[in-house]
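Notes to accompany the following structure.
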Amino acid sequence: MRKVLLTGLLALILSGGAMAYSVGAYANDDPGRGLYLPSDITLAQAQLAIEAGLKVAKERGLLMDIAIVDAGGNLKAFVRMNGAFLASVDIAIKKAKTARGLNMPTSDLHRAAVPGGELYGIEATNGGMVIFGGGELIKNLEGTIIGAIGVSGDSVANDTLVAQAGAKAVLKSFMAALKTPKP
């Protein structure tokens, strides 16, 4: 009986040691690993969305503020292009938070929030929401919302175009990862 217990204990110690090594090795790749939800946007993905948005903005000669929020609606990344409106800082962040908070693009919210609409007055709730285009959801391949992007600085149509480019870039990165052979 004692031999069985010692053998089991040795196996437990050895497996625990192997587990500690593998977790430690993995943590070196991503020091924050385990500190965020797997269905949350990563910093790399947020930066990818911003870069895609900046590319479209530069191609069109637009000056934009671009905000990314995580799955919980917390600010993850932000950029303000040189010369972009100062007022657009708050608007971009609120567009991203509004899209995530209501799980819909802000352009969809606009239709319901006009006078006489079912959600008329909603923009005055939750510390202020933005009810016009430029806020888009960021999803993974399964359709899970991992964050949102908010863009402000030009027309609603241009804000929406830039936001959609950022959201699509993240989705495309998931598709590319599927096609990449694993080592």
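FYI, it's all coordinate maths here, none of it is from the lab. Source: prediction; values computed, not measured. Heads up, the Cβs are rebuilt from the backbone with ideal geometry, glycines too, and the neighbour counts pull from every protein chain shown.
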Please enumerate the residues belonging to region 52-93 that are among the acidic types (Asp, Glu) and under 13 Å from the mean Cα position of the chain (by Cα). ASP70
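Yes/no matrix, rows are residues, columns are (1) surrounded by 14 or more Cβ atoms within 10 Å (Cβ to Cβ); (2) assigned to a loop (DSSP other than H, G, I, E, B); (3) in contact with a strand residue (DSSP E or B) (Cβ under 9 Å, 6 or more places away or on another chain):
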residue	(1), (2), (3)
GLY83	no, yes, no
ASP90	yes, no, yes
ALA99	yes, no, yes
HIS110	yes, no, no
GLU118	no, yes, no
For region 134-155, which positions are acidic (Asp, Glu) and crowded, with 18+ Cβ neighbours inside 10 Å? GLU136, ASP154
